[in-house]
Amino acid sequence: MSEQNAIQWPQGAFSLDMKERIANAKVLAVGAGGIGCELLKTLVLSGFKIVETIDLDTIEVSNLNRQFLFRKHHVGQSKASVAAAAVKQFRPDVSITAHQANVKESKYDIDFFKQFDLVLNGLDNLDARRHVNRMCLAAKVPLVESGTAGYLGQVSVHVEGQTECFDCQSKPVPKSYAVCTIRTSPDKPIHCVVWAKDLLFPLLFGPSDGENDLDPDGALIRGAKESAEGFARKVFTHVFDAKIREVLETAEKEVWEGRTPPRPISLEFLKLDSNAGVEIGNQNASSGSACATLGLTNQNEVWTVEQSAAVFIEAARQILENRSAEVGSLTFDKDDDLAVEFVSAAANLRSMCYHIPPQSLFDTKGMAGNIIHAIATTNAIISGLIVIEALKLLAGAGDASTCRASFLRQDLSNRKFIIPTMLEPPNPGCAVCGTARLQVRVNTKQTTLEEFLKKVLRNHLGMIEPCFSYTRATDYVSWLYEEGEGLEAEEIKENAAHLPKLLAELPAGGMVNNTVLDIQDQRQHLKLQMVITHQETWDEEVHPHKFVVEGEVPVVATAEEAGEDGGEGAAAAAAVQGGVGRKGGPLSLENADGTFNIVESEDEGPAVKPAQSKRKHVAGENGIDSDGGDGDAKRAKVATAAKGDDDDDDVIILE
């Protein structure tokens, strides 16, 4: 459609031309979960007749309370297929195609995206969102992005050349805690939850892991004739009594200055079997729940030390006795009652050792699963806003001038729950849609090429098949690293041989201080430059990943350059507001070896004023500029949460 075919909005929203345009539009809905179910329903009831949806996930029991296209008998089936069949019953004349697949698969390439008039996102993770954003930019297809978290939600529109893309603004960085804090000096409930979930649970029930040194002496190995309950009691005594005493005996006195030393918990003094409601080993119980066996039915109640100990032992006993075939391969699942109960009890007991307030089962489950508990009506509201923006794009024949970014709030702001804001223009410093040059600080003498590719290019920047080259300045000798299809076997073998090498030891002088990389990803049609800066030492508490990605904020035009009248020149200058980190610096970090990324909700914060000079710009805590800045009253920011398990657990800042 050309701009000459634009239909005036909102006057022409119900015209015959608009009805025909809706019916003929081909739409891709990415994600068929919490938002996706509501979106598909709203699309077909709004007159859209050609829809495709893609989702890799299958239906779980925990989805049923808010994803209303699914029923109990659908558990285990494809979300995309079941959702498509359900909305087909609403409108039998609709053509809807379901794909149970990962949208990042190579077959969903640029040509696949080009066939659609609109792409509507209801995705569950940052990596996939970035990929779809890049595909839409390359295919020149408008994208409507969304996310919800509890009562909060947002919708934004991204059109190539007209608005900022999804990557134009940095995303919140998940809070990371160093392993040493988790193991030796917890001071928050989340520290204890991570210890129980990611260290103790896999040690007892999961695959053997050489990196888990919680039990270097093998004290937690079950004997051949040892009973399940006896082993559970041995584990309890080891981790909550003996190990705590060991910490007290070996730690320097200065360690406990300003804080209370931990206290061991002894099973001898708890006398569990004499406490009403916490009788362990009820062989008649077959519920698959330690809490049900012990009569602890209130998930919002905070357990006593006796109750926590009883749940710990009973949950371990049931796993070892009733699910012995799974022991050795179990991984934590928030829908596994016994796993959640064990982790909750273990976290509470460790909290009590370190004088940290214990948490209820409900709250612990939320922390362990990185869950912001979803609300179905929030998903419905956001899906409605997605469709409204989709209609505006169709009416404008691709012109996004009438579109808005909308934020759903929990509290009233100017007597409104939904706050619309103008869309931002493209960011000239964006690494994806602009002309950015990124800077990476890394120890080139300790980081291997394999680590650089995984942590920086794939996890951090979201690339799929990164290729790069650099040239040694002294003699112009170049080296090229390539991935993807079309490589000869010898080339693949040669590239693989370089993976274990340190960056500084690569060919052509290596990747050393001030090396400039020309990077591209053919799968995503992405090109950028990156300057390597060698940094010898790191504070692992501040930078546990041992690298930092920075962008440079371009110069804002002077008054003379902008024009005395402050007209079009001033507007153009104002558009050049920032680099990759203009609203918060580095792009968000993914999980890296030796750290745990923990999702925590954040309070509202002010938008940041555009920079007035060229400066390095690095995010402070919670992704808000460390150099401050007062708020822009016309901009709204919602509270944020990084990826949980569901599509409606994730809100990304779109200021």
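The rows are residues; the columns are (1) at pLDDT below 80; (2) closer than 17 Å to TRP195 by Cα; (3) assigned to a loop (DSSP other than H, G, I, E, B).
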position: PRO216; (1), (2), (3): yes, yes, yes
position: ALA219; (1), (2), (3): yes, no, yes
position: ALA224; (1), (2), (3): no, no, yes
position: HIS238; (1), (2), (3): no, yes, no
position: ASP241; (1), (2), (3): no, yes, no
position: ILE244; (1), (2), (3): no, yes, no
position: GLY258; (1), (2), (3): yes, no, yes
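So which residues in region 33-60 are in a loop (DSSP other than H, G, I, E, B) and within 12 Å of ASN121 (Cβ to Cβ), if there are any at all? Correct list: GLY33, ASP55. On the stretch given as region 96-120, residues that are in a loop (DSSP other than H, G, I, E, B), polar (S, T, N, Q) and within 25 Å of GLY398 (Cα to Cα) total 1. If you go through region 529-548 and pick out every residue that is buried (at least 21 other Cβ atoms within 10 Å of the Cβ) and at pLDDT below 90, you end up with 3.
Does ILE54 qualify as being touching a helix residue (DSSP H, G or I) at 6+ places or on another chain (Cβ under 7 Å), within 21 Å of TYR151 (Cα to Cα) and of a type in the set (Val, Ile, Thr)? Answer is no for this residue. Considering (1) more than 13 Å from GLY510 (Cβ to Cβ); (2) modelled with pLDDT under 90; (3) among the β-branched types (Val, Ile, Thr), the lone condition that VAL456 does not fulfil carries the number (2). A single entry from LYS49, LYS41, LYS104, LYS19 fulfils the requirement of being farther than 28 Å from ARG134 by Cα, assigned by TED's automatic domain parsing to the domain that holds GLY150 and of a type outside the set (S, T, N, Q): LYS19.
Return the residues of region 62-96 that are farther than 15 Å from LEU39 by Cα and among the hydroxyl-bearing types (Ser, Thr, Tyr); say none if nothing qualifies. Scanning region 62-96 gives SER62, SER78, SER95.
Considering (1) closer than 30 Å to GLY150 by Cα; (2) touching a Ser or Thr at 6+ places or on another chain (Cβ under 8 Å), the lone condition that ILE7 does not fulfil carries the number (1). When the strands (runs of 3 or more DSSP E) confined to region 388-505 are screened for residues that are under 26 Å from the mean Cα position of the chain (by Cα) and surrounded by 14 or more Cβ atoms within 10 Å (Cβ to Cβ), those reaching at least 1 such residues are found at 405-413, 416-421, 437-442, 466-471. Looking at LEU526, LEU517, just one residue is in contact with a Phe, Trp or Tyr (Cβ under 6 Å, 6 or more places away or on another chain), under 30 Å from ASN133 (Cα atoms), surrounded by 15 or more Cβ atoms within 10 Å (Cβ to Cβ) and touching a residue at least 40 places away in the same chain (Cβ under 8 Å), and that residue is LEU517. When the residues of region 110-132 are filtered to those that are out of contact with any Gly (no Cβ under 9 Å at 6 or more places or on another chain) and over 21 Å from SER81 (Cα atoms), which remaining residue is surrounded by the most Cβ atoms within 10 Å (Cβ to Cβ)? Top of the filtered list is ILE110.
Would you say PHE68 is assigned to a loop (DSSP other than H, G, I, E, B) and crowded, with 24+ Cβ neighbours inside 10 Å? Against the criterion (assigned to a loop (DSSP other than H, G, I, E, B) and crowded, with 24+ Cβ neighbours inside 10 Å), PHE68 does not qualify. (1) in a helix (DSSP H, G or I); (2) crowded, with 23+ Cβ neighbours inside 10 Å: which one isn't true of ALA374, the others all being true? Looking at each condition in turn, ALA374 falls short on (1). The single residue among ALA29, ALA13 that is in a loop (DSSP other than H, G, I, E, B) and in contact with a Leu (Cβ under 8 Å, 6 or more places away or on another chain) turns out to be ALA13. If you filter region 43-77 down to residues that are small (Gly, Ala, Ser) and modelled with pLDDT of 95 or more, you find that the one that is nearest to ASP337 (Cα to Cα) is SER46.
If you check THR377, THR444, THR364 for being in contact with a helix residue (DSSP H, G or I) (Cβ under 8 Å, 6 or more places away or on another chain) and farther than 30 Å from ALA290 by Cα, only one passes: THR444.
The values are calculated or read from the model by the stated rules, or taken from the named source; none is laboratory data. No experiment lies behind these values; they were computed from the predicted model shown. Here Cβ is always computed from backbone atoms with ideal geometry, including for glycine, and neighbour counts include all displayed protein chains.
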